[in-house]
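Some notes on the structure that comes next.
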Amino acid sequence: MGEHSDTSGVLRARLSAHTGRAFWRSLDELAGTEEFAAALREEMPAATRLAGAFNRRSLLQAMAASLALAGLTGGAAQADETALPYVEQPDGEVEGVARWYATAVTLGGYAAPVLAKTYAGRPVKLEGNPDHPATGGATDPFLQAALLDLYDPERSGAPRRLGRPVAWDAFDAALAAQANALDQTQGEGLRLLTGTITSPTLVRQIAALLGRWPRARWHVFEPLEEERHGATVQIFGRPLDIHLRLDRAEAVVSLDADILGPGPWQTSHGRRWSERRRGFQNGDGASRLLVAEAAPSLTGLMAQDRLIVAEARMGALLHAIAARLGVDGATPAPLSEQESQWVKRALTALREHAGRSLLTLGATHPAALQGLALLVNERLGAFGTTLSFTDPVAARPPDGQLSLDRLVEDMAASQVSTLVLLGVDPAYAAPADLDFRAALEKVPFRLHAGLHFDETAALCHWHVPLAHDLESWSDARAPDGTASLIQPLIRPFRSVRSAHSLLANLTGSFGRADRDLVKETWRAQWGTAFETRWRGALLRGFIEQSAPAAVLPPVTTREVSPLAQVPPPEGSAEALCVAFRADPTIWDGRFANNAWLQETPKPFSKMTWGNVIAVSPQIAARQGLSNGDEVTLSLGGRSITGAAWVMPGQQADTIALTFGYGQSRGISEGLGYNAFALRTRAQPWRGNGAALAKTGARRTLSTTQAHQAMDGFDFVRTVAAADAAVSGRTREPAPGEPRAPSFYPARRWDSPSWGMAIDLDTCIGCNACVVACVSENNVPMVGQELVAQGREMHWLRVDHYYEGDPAAPKVHVQPVPCMHCEQAPCEMGCPVNAAVHSSDGLNLQVYNRCIGTRTCSSFCPYKVRRFNWFDFTSNDPPELQAARNPDVTVRSRGVMEKCTYCVQRISEARITAKKEGRPIRDGEVVTACQQACPTRAISFGDITDAASQVSRQKASPRNYSLLEEANTWPRTTYLARIDGGSAEGGGSG
Amino acid sequence: MSDFAGGTPDRYAAVTQEITSIPLRFPAPRGWWILFGFALTLLLTFFVAAGVLFRYGVGVWGNNIPVNWGLAISNYIWFLGIGHAGTLISAMLLLLGAHWRNALNRFAEAMTLFAVICAGLYPILHLGRPWLFYWMAPYPNTMTVWPQFKSPLAWDFFAVLTYLTVSVLFWFIGIVPDLAATRDRARTRGQQVFYGLLALGWRGSARHWTRWQQAYRLTAAIAVPLVVSVHSEISLLFAAGPIPGWASTVFPPYFVLGAAFSGFAVVAMIAVVLRHALGLQDLVRERHLDLLGIFLLATGLMTTYGYWAEVFDVLYSGEPQELGTLQDRISGAYAWSYWGAVIANFLPLQLLWFRSIRVSPIPLFLIALSVTIGMWMERYMLLVTSLYRDWLVSSWGEYHASFWEWALFAGMIGVFLAPFLLFVRFLPVVSAFEIKETLAQEERQQEADEREASRA
């Protein structure tokens, strides 16, 4: 086999591509893959004949060749520099005992700090880092679901040339050749396109690259990011990040700013807003939120006063507020009666709490308006109190924050010879009027690096699989600027490279460990005591005091550009406005392959596995649309087709679209429409003059909640602000104490006895708890068709209700886990003792006792039980099996399952407490949903202990049981929403 | 057959001859084979549908959360209801001494038997893990777990099993003397062995008859309370849950009467068909059709009362959830099942006030068919309209039976029809000796009357 020595290395590389825990079982399984066939074609044309025809003989021949060439012994990947053979148990490693690591995952370039739970070297759960100054442990659905991205079976796992897998050697050689060529021209024609970057190491590396090749240029493309610094450049003369200190703001007026909605800011905003809200609940100051918006958002949902108004009217509203506050240059435009009333109330709130109020305008509005909003805040005395400024957290490339269009111009003019795309997918997400694909064709060397072989990768010469955050060394900054170190929790089990390695490779440096690259960055900053600080930062998960200091430069100009005249909205069908939004669960499409997020019901529509064209009730009435009608939406000569959804509370002429769907790969293929196809450079966030036409077809909507009207029931209760403080209005009966008469005797409950309280006044409906529950409890995903049939498996759901006029309804959200009823109808119904009550007050389901009569679910008034209609688990690919929490049983076909109050966590705490000979402390058991909640709306603990946090919550006069009339004595109770945001009940309009 | 005092042996012999000749020389072989072929096709459908179900799980059906129970459970109740008439006619009327039952009891019992088998299969098939169904039985096991005795399902399991056992015993005890008669008339060796084995060595001695009378009446006495208990128990499957629409106290009698109603309807249909196909007009006489019609009317009117009582309960309670369910029944997505039940069960029924309708086979058959369908709709309505919109608006959802559910339903009719046709073909469909007993009594009565008349 000597003549094949050159190819043997390649095959060895193929085999060694799968490192870490071997997720292929045998060589023949590997040899049977398409990738193997492709590699064989590439490297051993002679063998292609053998592998091409898959009869038994030829397959065996090919396999024999591969075995001989690969040489089973010599194929090991280069060992990680810290790898230890597992001959003896490493110190501190105990089988079955979890280890926690502090690290971070990223969303849109910003760090989301996490504590990651690992078992035997594989991460199984991500939680928020409670010590982090910005988030304080808050999480969002993206953070919770990042784990599944790590294990995504469809993640790219090998470098490819022209779409075909090749060995790393070939890639390295090609890259070295390209680097040599670039050296000749000082990097002329080299362009680097990245997403938003906050990683100091990456910034350093890019700076080094630009230093080596001064003619190279770096561009940033972040589909859902906006040029955020126009206003501060205008007002302060320098770019600054604006940080909302919602924890200090007693009155917030939001003009189309979804401050509590999905995005990198959600966790810190949610945490801070809820701190203020709790202060208000406890009688300390006010917490008022007034929102003007066109399409419903989570911020609007929490607002006490929501004005439904077209997005184009935000300028008029802002100018009106500014003018009344006496900001020079503001031009009060005529307002409608409704608008001026709202402005009046907003002004009252802002003035009443001057110095503790703020006004925020959506980042998608023009810089001129942003500047005026800043001046309004200056007038309110918000600078330095409710608003703080820092130097930009994200790196600013020389060409501006977003410069894809400039790059595409150059590409089209054939001025780009080498294009390196780092973790971006512009072929999918670029604006429709920017013909990115055509321009890309003109670049002679195109290198794409990403987690997936995506649409851009398919158009590139080279594709390099990037490492996931959870398997790489890196660093990144949270939105507040605090830097986190990202450390790997698992050795990559695919053959991937980090962005750091790739950039190092590009500049001719091979074989440097990523950790050293990151260390180098911080060594330069810290100088002395490096190792101590490094270890400390790794343990904490972030670097203390690393956020840029708050600055407050003097205002350089107070010039206000006059209000662009916007015609008042008309009622004609031709005047439809389109508003683009990030998708609340798959963002800009980067999470499209994440089943946890795909199956998370989107707020409001409760849609899963797809997006809808949300139309206002008025448009629906005009055009005779109902949910599920297929419609074609045309805007500027382009059109998309999707399912219509009648969205109560949406502005009369507004159609809301979300990005992220309409992809052509992975599990997302064929789902929804691609809103990027309607987006233009000039109008990236909204478009006027859209036309909507019914096609006549119907689409099945996989929603999890078909009915959303509260129908006069009081599932979600609201109390007046004045009543909320009156104590003793209603009292939660003590555990076991009879409420209404029951046929069954009341039980005595010994300590501990578990209960939960959910504060509906602070729940923002973000879904973090839903995804956290999925991750913690191995909840299976069932897919679009089964969700449409009502068979989703979520143990915890978030119900949405509308109250009142569909054109301007009150919206409520209500997380519904199992109620753990003391008089549980399910337990009474089960014939085989599978639904039982534990001595500590849990309503438990014994999976291996369950025979699947489904009586428990039929009898459950809350319908929180979920049934395994099929075998949802045993065919999971090994990667997904690795993502499971080993503390929680994986359920088989035909059994009922439900929320357990995370009984595995209770057991763990009990065992620990027993070993230490003490009772379980309050706060020692934190359920997954509770931990995930960005607003700390969920409390959990021992309800026999009057001092426990949950008991104190339940003692609130706002406490009530859902469906009290069913007389089930639930252990999960709710705290009613407070109508209003100040003690006087002000703010409600 | 012993001779009856003062009787005309020829008439008795003719009765026996007429009944036992059916299995020995079947009168309508062509029609039977066509029907049996049809039944076998359905039976095959059953095995395919059950195979698919076992292979993939209950997910192949249309059930979901909130409608956990669908066609399987409504059909279970329907089949079990049908199974009520046999026992009611045989056992209760036997004990009450209503001798006219003797023309109907045998095939009514057979119908009961096969309907109960169908009913019993359904809850097992609908389980998530059907292979573990025996966990509902209280048996000593290494898990040291008993069934959960508060659950109506555990009691359902006992009730159906008991009912099936007693029905088999009652039916078989009743048929033994006729099997012996058939054996005695059998010409071929095969028939002699077949009927001989089944006849258990019956020789018709006085001691045999004494024991038989004791056993038969005792089993009847056991069976009668079961008629009430089984369907009361099933109503608890609903009434025990806190679901709006299931909470009426009228449920147990309402279910039992509904069961008897549907059962009489099916008995009437079978009586009309058998009477015609096997030429039994002189045994199953107009009088029997008349009485069946009266029973149908009576139980039907009692079921109507149940409907009213249910509505009254809701209106009287004024509970918003209950009112909502009532509204869903009347005008919701499944209003067809409510109005279908009301119309099919009660409108055609009113014709039975007229004797001329009651005694004419075709109208009676059609009315009974309408009731059978109406009662099916009622079971479906009670189940689905309560579950699809229960307490929380957020968990409402609709249910649509899938292809495999309908296939299983069709197959289940095969499970009923195939053995019933075998029974019709190979066993005495009418109780010969009991008819002769009735005949003898009538004759004795006649003689006594004549004596009275002559003395006067």
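Each value in this text was obtained by applying a stated rule to the coordinates, not by laboratory testing. Note that the structure is a prediction, hence the values are computed from the model and not measured. Glycine also receives a Cβ, built like all others from the backbone with ideal geometry; neighbour counts cover every protein chain displayed.
Here are the numbers:
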| quantity | calculated |
| --- | --- |
| Shielding of B:393-405 by partner chains, average beta-carbon count, 10 Å | 5 |
| Environment charge at residue A:547 (Cβ cut-off 11 Å; Lys +1, Arg +1, Asp -1, Glu -1) | -3 |
| Percent of beta bridges antiparallel (DSSP, the protein assembly as shown, rounded to nearest 5) | 55 |
| In the stretch B:117-162, the chymotrypsin sites (Phe, Trp or Tyr not before Pro) that fall in loop regions by DSSP, at most 11 other Cβ within 10 Å | B:149 |
| Cleavage-rule hits (trypsin sites (Lys or Arg not before Pro)) in the stretch B:86-187: DSSP loop, at most 10 neighbouring Cβ within 10 angstrom | B:187 |
| Karplus (6.51, -1.76, 1.60) ³J(HN,Hα), θ = phi - 60°, over the stretch A:816-831, in Hz, Gly and Pro reported as x | 10, x, 5, 7, 6, 4, 6, 10, 7, x, 5, 5, 5, x, 6, x |
| Peptide B:321-332 - average C-beta neighbours from other chains (10 Å radius) | 1 |
| For the stretch B:9-444: relative contact order, % (alpha-carbon pairs under 8 angstrom, 6 or more apart) | 32 |
| Which of B:430, A:209, A:702, positive extreme of dipole for the protein assembly as shown (C-beta unit charges) | B:430 |
| Shape of the stretch A:473-597, Cα gyration tensor, a/c cut at 1.5 | oblate |
| Per-residue ³J(HN,Hα) for the stretch A:418-426, Karplus 6.51 cos²θ - 1.76 cosθ + 1.60, θ = phi - 60°, Hz, x for Gly and Pro | 9, 10, 10, 9, 10, x, 10, 10, x |
| Given charges at beta-carbon only (K, R positive; D, E negative), |dipole| of the protein assembly as shown in Debye | 2220 |
| Cut-off 14 Å between beta-carbons: net charge of the residues surrounding residue B:326, Lys and Arg +1, Asp and Glu -1 | -4 |
| Between the stretch A:870-921 and the stretch A:384-460, the Cα center-to-center distance that results, in Å | 43 |
| Segments B:190-203, A:119-132, A:271-284 sorted - mean Cβ within 10 Å per residue, highest first | A:119-132, A:271-284, B:190-203 |
| Of B:356, B:307, B:340, farthest towards positive along the dipole that unit charges on Lys, Arg, Asp, Glu beta carbons give the stretch B:223-372 | B:356 |
| Förster radius 60 Å - calculated FRET efficiency between residue B:455 and residue B:311, Cβ distance, rounded to 0.05 | 0.50 |
| Antiparallel DSSP beta bridges within the stretch A:573-698, percent to nearest 5 | 70 |
| Three-way shape call for the stretch B:321-362 based on the alpha-carbon gyration tensor, with the a/c threshold at 1.5 | prolate |
| Relative packing of B:255-265, A:413-423, which averages over residues the other C-beta atoms within 10 Å, highest first | B:255-265, A:413-423 |
| Nonlocal amide H pairs with residue A:128, under 5 Å, H built at 1.01 Å | A:115 |
| Summed residue charge, Cβ within 14 Å of residue B:17's Cβ, Lys/Arg positive, Asp/Glu negative | 0 |
| Derived scalar couplings ³J(HN,Hα) [the stretch B:157-162; Karplus, 6.51 cos²θ - 1.76 cosθ + 1.60; whole Hz; x for Gly, Pro] | 4, 5, 5, 5, 4, 4 |
| Packing-based order for A:646-657, A:383-394, using average beta carbon neighbours within 10 Å, highest first | A:646-657, A:383-394 |
| Computed [θ] at 222 nm, deg cm²/dmol, chain B (DSSP H ≥ 4; -39,500 (n - 2.57); rounded to nearest 500) | -25000 deg cm²/dmol |
| Chain A: relative contact order in percent, alpha carbon pairs under 8 Å with at least 6 residues between | 14 |
| Amide proton proximity set for residue A:486, modelled H, under 5 Å, gap of 5+ | A:474, A:475, A:476 |
| Magnitude of the charge dipole, chain B, Cβ model with Lys/Arg +1 and Asp/Glu -1, debye to 20 | 1320 |
| Debye, to nearest 20: dipole size of the stretch A:573-683, +1 on Lys, Arg Cβ, -1 on Asp, Glu Cβ | 240 |
| When each of A:863/A:898; A:125/A:606; A:810/A:898; A:606/A:810 is checked by Cα-Cα distance, pairs over 21 Å | A:125/A:606; A:810/A:898 |
| Least to most buried among A:318, A:162, B:161, B:417 (fewest other Cβ within 10 Å first) | A:162, B:161, B:417, A:318 |
| Qualifying aspartates and glutamates (Cα of each under 14 Å from Cα of residue A:442; at least 8 residues distant if same chain) | A:409, A:410 |
| Options A:342, A:360, A:314, ranked by Cα towards positive dipole end of the stretch A:278-404, top entry (Cβ charges) | A:342 |
| Sum of -39500 (n - 2.57) over DSSP H runs of 4+, divided by residues of chain A (222 nm, nearest 500) | -8000 deg cm²/dmol |
| Chain A shape via C-alpha gyration tensor axes, a/c threshold 1.5 | oblate |
| Loop-located GluC sites (Glu not before Pro) in the stretch A:886-989 whose Cβ has at most 11 other Cβ within 10 Å (DSSP) | A:916, A:984 |
| Per-residue mean of C-beta atoms belonging to partner chains within 10 Å, peptide B:62-75 | 5 |
